[in-house]
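Below: one structure, written as structure tokens.
The values are calculated or read from the model by the stated rules, or taken from the named source; none is laboratory data. What you see is a predicted model, and the numbers here were worked out from it, not measured in a lab. All Cβ positions, even for glycine, are placed from backbone atoms using ideal geometry, and neighbour counts span all protein chains on display.
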Amino acid sequence: MDSLHFQEKLVAHLEKEFKFKIVSIETPPQGMSSSVFFITTSDNKEYAVKYGNDAMKDVPALDLISRKHIDIPVPALFSSFIFEGIPVVILERVRFPLLESVPVEEMSKYVPSMIENLRRLHAIKSEFPGPLDRSNSTKTWKEMMLEIFTDEFDWNEVANREGLDKDLILISVKKMIQKINDTAFDNHEYSLLHTDFNQRNLFVNPQSHKIAGIIDWEDAMFGDPIYDFARVRMYLWHFNLGDHAVKEYYELLNFSSEQKKLEDLYWLSRVIQYLVWYSEELNEFNTGRIKLHQDYLRTYEWYKV
């Protein structure tokens, strides 16, 4: 079934099942693993309807945040169900602009709120790392980090993709495995992580410079909270927000020397890992990011050793 036909049938189902009188439908730019459209009802309520194989993955994190009364701006979950074999989630629509729409010169103003919201999220703890359903609770955090470079991707296939430097990729993966093996991960408890705190998943209030909405919880898991912060560092790097923003980031986090080493490791793992996704389609944006990441790896201390 094509997406438009499914959407039409789903809208009819919503009107019948939830007694909605839908007066308008809006389709925003689409994500990769799920489709989204917005509806407005006759009583002026607005919802985001998300459907697709991964749509239901948002639900456990949103439920947990609600049950733990964590004060962060996540959209309210209205309903979740299966329609014609497809998972569907209905959420409150967030009526603020995405962080990616903010002028670059304004982007660093949101970093304190990003860190504040992550700290609140990280108050939700677990004895074990991994998925919220505990399906891999027997694995250690180190084993999960290693899996990225041993089992999650076929790095030989990735390294042979157009636009990538094969030797650079394979050497970097080999050195990353060694670096993870040589690192002591001494966590005794783990935090709920978003794992992808980026400009396309964060809505912002331009007046207060606060995060106004956090979406896309599909990859939420329990792990080292520093792993989440390293994603914020990548945001600073990707948009070249300058030394002042980086200095503020480190001042706000006040890492110990051991924590800083872990943040460096997580940051570096993402520098390599993101090349997998950027090389899937060689458009202008992805080609620029590939150059940025590969140039960084070429100057990293291990490459010439």
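If you take the residues in the stretch 158-174 that are in contact with a helix residue (DSSP H, G or I) (Cβ under 8 Å, 6 or more places away or on another chain) and not in a helix (DSSP H, G or I), which one is surrounded by the most Cβ atoms within 10 Å (Cβ to Cβ)?
L164
Being assigned by TED's automatic domain parsing to the domain that holds M234 and touching a helix residue (DSSP H, G or I) at 6+ places or on another chain (Cβ under 6 Å) narrows it down to one residue among L132, L121; which is it? Full working, then the answer.
Numbers: L121 fails: touching a helix residue (DSSP H, G or I) at 6+ places or on another chain (Cβ under 6 Å).
Matching residue, one of L132, L121: L132.
Which helices (runs of 4 or more DSSP H) does the stretch 190-305 wholly contain that include 1 or more residues that are at pLDDT 95 or above, touching a strand residue (DSSP E or B) at 6+ places or on another chain (Cβ under 8 Å) and surrounded by 13 or more Cβ atoms within 10 Å (Cβ to Cβ)?
Working: elements: 225-238, 243-253, 257-278, 284-299.
Because the criterion is at least 1 residues that are at pLDDT 95 or above, touching a strand residue (DSSP E or B) at 6+ places or on another chain (Cβ under 8 Å) and surrounded by 13 or more Cβ atoms within 10 Å (Cβ to Cβ), the helices (runs of 4 or more DSSP H) in the stretch 190-305 that meet it are 225-238.
Can you pull out every residue in the stretch 191-231 that is of a type in the set (A, V, I, L, M) and under 30 Å from Y51 (Cβ atoms)? Write out each step before concluding.
Here is the first cut: in the stretch 191-231, the residues of a type in the set (A, V, I, L, M) are 192-193, 202, 204, 211-212, 214-215, 220-221, 226, 230.
Matches in the stretch 191-231: L192, L193, L202, V204, I211, A212, I214, I215, A220, M221.
Cβ-Cβ below 8 Å, separation at least six or inter-chain, first residue in the stretch 165-178 and more than 20 Å from Y278 (Cβ to Cβ), second part of a helix (DSSP H, G or I): which pairs?
Correct list of pairs: I177/L146; I177/F149; I177/T150.
Restricting attention to the stretch 50-69, does a residue exist that is modelled with pLDDT of 95 or more, closer than 27 Å to I124 by Cα, not assigned by TED's automatic domain parsing to the domain that holds R120 and not in a helix (DSSP H, G or I)?
Yes, there is a match, as at least one residue in the stretch 50-69 is modelled with pLDDT of 95 or more, closer than 27 Å to I124 by Cα, not assigned by TED's automatic domain parsing to the domain that holds R120 and not in a helix (DSSP H, G or I).
Taking G31 as the residue in question, decide whether it is under 30 Å from L121 (Cβ atoms), out of contact with any Ser or Thr (no Cβ under 8 Å at 6 or more places or on another chain) and modelled with pLDDT under 95.
Values: under 30 Å from L121 (Cβ atoms): yes; out of contact with any Ser or Thr (no Cβ under 8 Å at 6 or more places or on another chain): yes; modelled with pLDDT under 95: yes.
Answer is yes for this residue.
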